[in-house]
Amino acid sequence: MTVWDRPEPPRPVPLDRERIVAAAVALADEGGLEAVSLRKVAARLHAGPMRLYRYISTKEELFDLMVDEVHAEILPEERPGDWREALRLHAHRTRRAALRHEWLADLLGGRPSLGPNALAVTEAALSALDGLADLDTVLRAVETVNAYCTGAIRREVAGLRAERATGLSKRDWQRAAGPHVTRMLATGRFPALARAVHDGTEVDAETSFAVGLDWVLDAVAARLARPEV
């Protein structure tokens with residue numbers, strides 16, 4: 001039985017899952033997933049840890065509930081009429097949610113989220129493509145967009161964490177690493193990389209995400225145009 005199928009203790013009681021999950025999300029926003037435990041959540045709520053076990057059996061269940069809570073922020077308020085805009089909106093809302101709650105990046109891409117909000121997000125993505133191709137093509141298209149989002153978000157969040165851990169901004173790190181990179185490129189062993197470093201255009205994370213997403217959606221559009229291939 002999943003945590004969503006298990007009924008809460010009868011009221012009136014001073015706790016409920018909504019308050020527990022809100023406290024857990026706040027702790028994770030402040031200190032990451034390592035800051036979350038049933039004991040710490042109980043302390044935040046001024047309750048004994050054993051009382052939380054009436055609502056949640058394990059920390060993994062708590063994480064499941066936290067992920068579903070954030071999916072409420074991803075779910076679009078209105079469904080766009082165009083499939084491409086629907087998947088683009090889904091991707092950007094997922095990225096923004098992960099930047100507000102960086103710990104989400106650590107939990108994306110694992111087991112499917114089965115909470116009501118996560119299921120509604122998946123329903124919105126699948127229904128945007130409904131009728132445009134056979135079911136397997138639709139499933140692979142949504143999986144492809146989700147895989148791109150997960151990888152791009154994890155990379156961006158990892159960069160933000162590295163900046164905080166080292167105290168160096170991306171520009172500071174580039175300056176510090178510059179002499180080493182210059183020496184390596186001067187060997188002539190990395191001509192393609194040298195061209196990228198010297199002649200490539202650097203863009204910010206949001207632009208990089210948007211451009212990459214458009215390329216993925218272009219590929220999905222091509223596949224939808226010839227689903228038999």
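The numbers here are math on the coordinates, done by the rules we state, and not lab data. Keep in mind that this is a model prediction, so the values were computed, not measured. Cβ: placed from backbone, ideal geometry, glycine included. Neighbour counts: every protein chain shown.
Structure notes:
- Annotation: extensible slack from Thr207 through Thr150 equals 18.9 nm (criterion: 0.36 nm per residue apart, minus Cα-Cα distance).
- Volume in Å³ per residue [convex hull over Cα atoms, computed for the range 1-57]: 81
- The longest stretch of the chain left intact once loop-based chymotrypsin sites (Phe, Trp or Tyr not before Pro) with at most 15 other Cβ atoms within 10 Å are removed from consideration, loops following DSSP, is 54-229.
- The label-point distance for Lys40 and Lys59, in a model that sets each label 7 Å from Cα toward Cβ, rounds to 0.9 nm.
- GNM top mover of Glu77, Glu206, Glu61 - the chain, alpha-carbon springs below 10 Å: Glu77
- Among Thr122, Thr150, Thr166, the largest mean-square fluctuation in a Gaussian network model of the chain (Cα springs under 10 Å) belongs to Thr166.
- The length gained on full extension between Leu160 and Glu123, counted as 0.36 nm times the residue separation minus their Cα-Cα distance, comes to 10.2 nm.
- Hydrophobic long helices, here whole DSSP H runs in the chain with Kyte-Doolittle means of at least -0.5 and Cα atoms spread over 20 Å or more along the helix axis, are found at 17-31, 59-74, 135-166, 205-225.
- Listed by Cβ neighbour count within 10 Å, with the fewest neighbours leading, Asp172, Asp136 appear as Asp136, Asp172.
- Per-residue Cβ neighbour counts within 10 Å put Ser169, Ser37, Ser127 in the sequence Ser169, Ser127, Ser37, beginning with the fewest.
- Note on Asp134 and Arg175: their simple-model spin labels are 5.8 nm apart, each label 7 Å out from Cα toward Cβ.
- Among Val211, Val70, a tally of other beta-carbon atoms within 10 Å of each Cβ gives an order, fewest to most, of Val211, Val70.
- Cα lying deepest toward the dipole's positive end in the range 115-229, options Thr137, Val121, Gly200, charges on Cβ: Gly200
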